Amino acid sequence: MTAPPDVVSDDATVIERSRHEPDRFAVIYDRYFTEIYRYVAARLGRDAADDIAAETFYAAFRKRDRFDPVRGAVRPWLYGIATNLVGQHRRDESRRFTAFTRAAAHPRPDGHEARVAAKVAAEGVRPQLAGALAALPEGDRDVLLLVAVGGLAYDEVAEALEIPKGTVGSRMNRARRKLREALGGTDPTRTEEESHG
């Protein structure tokens with residue numbers, strides 16, 4: 001889901017102009033807030049998404065003088081900032097995935113775990129998937145979720161995480177293999193194209 005070249009070019013121009021006219025940065029916020037919010041909500045839950053998504057744009061605004069369009073586009077740059085902020089909350093994320101797994105395996109009537117399990121079931125999160133995601137190494141989980149939730153292409157993930165594109169591919173393959181193993185051969189990251197091809 002790479003942005004069209006005219007949007008990429010426009011984004012860079014908006015960032016450049018916002019250095020002297022700060023109000024122009026609102027264009028970047030308006031253009032990308034919703035998708036950054038969705039990505040963060042999928043990683044940390046809706047409760048944290050408002051704060052982390054807002055912090056992403058605040059950090060981007062503060063760092064706009066250092067944005068270099070030669071190194072990449074604005075969209076992956078924002079996802080990189082968001083991923084770093086999610087990283088600061090990673091312990092909570094891992095605890096959340098672990099709690100989902102425990103709650104589904106041993107629900108207590110009327111207890112907190114039962115409410116968590118009900119919420120997870122309502123949102124369609126499978127306990128096995130939550131446990132498998134929690135067990136992934138951080139770098140593999142970041143790559144997987146940037147692709148699966150953020151909709152970034154491998155080259156955008158490479159820009160966002162400042163790693164080589166080949167590393168993105170190897171981390172994605174490793175993450176998919178571990179998820180398949182944990183889910184008994186089911187691959188939740190398989191696309192429609194891959195399913196029919």
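The values are calculated or read from the model by the stated rules, or taken from the named source; none is laboratory data. Every value quoted in this text rests on a predicted model; they were computed, and no experiment measured them. With ideal geometry, Cβ positions are generated from the backbone for all residues, glycine too; neighbour counts draw on all protein chains shown. With ligands, DNA and RNA removed, areas are computed over all heavy atoms of the protein, side chains included. Shrake-Rupley method; radii C 1.70, N 1.55, O 1.52, S 1.80 Å.
Things worth noting here:
- Accessible-area value, residue 13, 1.4 Å probe, nucleic acids and ligands omitted, Å²: 60
- Of the residues 27, 70, the one with the largest accessible area comes first in the ranking 70, 27, computed with a 1.4 Å probe on protein heavy atoms.
- Per residue, the convex hull around the alpha carbon atoms of the range 44-89 comes to 66 Å³.
- 3J(HN,Hα) from dihedral phi, the range 128-144, Karplus parametrisation 6.51/-1.76/1.60, rounded to Hz, x for glycine, proline: 5, 5, 4, x, 5, 5, 5, 7, 5, x, 3, x, 5, 5, 4, 4, 4
- On the basis of the beta-carbon distance and an R0 of 25 Å, residue 180 and residue 155 show a calculated FRET efficiency of 0.55.
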